[in-house]
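The values are calculated or read from the model by the stated rules, or taken from the named source; none is laboratory data. Keep in mind that this is a model prediction, so the values were computed, not measured. Glycine gets a Cβ as well: all are built from the backbone with ideal geometry, and neighbour counts include every protein chain shown. Heads up: the accessible areas ignore ligands, DNA and RNA and are worked out on the full protein's heavy atoms, side chains in. Shrake-Rupley method; radii C 1.70, N 1.55, O 1.52, S 1.80 Å.
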Amino acid sequence: QVQLVESGGGLVQSGGSLRLSCAASRSIFPFFTMGWYRQAPGKRRELVAAITSGGSTNYTDSVKERFTISRDNSKNTVYLQMNSLKPEGTAVYYCNTNPPSFAFWGQGTQVTVSS
């Protein structure tokens, strides 16, 4: 069974940066579009960014030109570079396939942006 483990979250001031990582327990990345999702308190989980197996990317409007998703299939890892973070970016961030698979949801990593 594949497990996805997110890391890299933390507390950062508004305008700061964080880099999230998502490591898979075995090689699945070459075959799937991968996504980063987030869930803020009291809100629904939303897709933030996605990257296809070929490297094409797309982003939700609120993070365009601030976040960058990338992948390293040789390391079974997907990254999310987050720059110019805003307080509304406070959430638990998860990675999963896109569309998501129930079996792949992990614990996520908490990102807290202070104003």
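A few notes on this one:
- Only residues that are over 13 Å from Ser21 (Cα atoms), open to solvent by 50 Å² or more (accessible area, probe 1.4 Å) and at pLDDT below 95 were counted in the range 74-97, giving 1.
Condition check ((1) within 19 Å of Pro41 (Cβ to Cβ); (2) under 11 Å from the mean Cα position of the chain (by Cα)) across all residues:
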position	(1), (2)
Asn73	no, no
Gln81	no, yes
Gly89	yes, no
Val92	yes, yes
Thr97	no, yes
Ser101	no, no
Gly108	yes, yes
Thr112	yes, no
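- For the range 24-46, the set of residues classified as among the aliphatic types (A, V, I, L, M) and buried (at least 17 other Cβ atoms within 10 Å of the Cβ) consists of Ala24, Met34, listed by residue number.
- Selected residue (criterion: farthest from Gly108 (Cα to Cα)) from residues of the range 1-19 that are open to solvent by less than 30 Å² (accessible area, probe 1.4 Å) and not in a strand (DSSP E or B): Gly16
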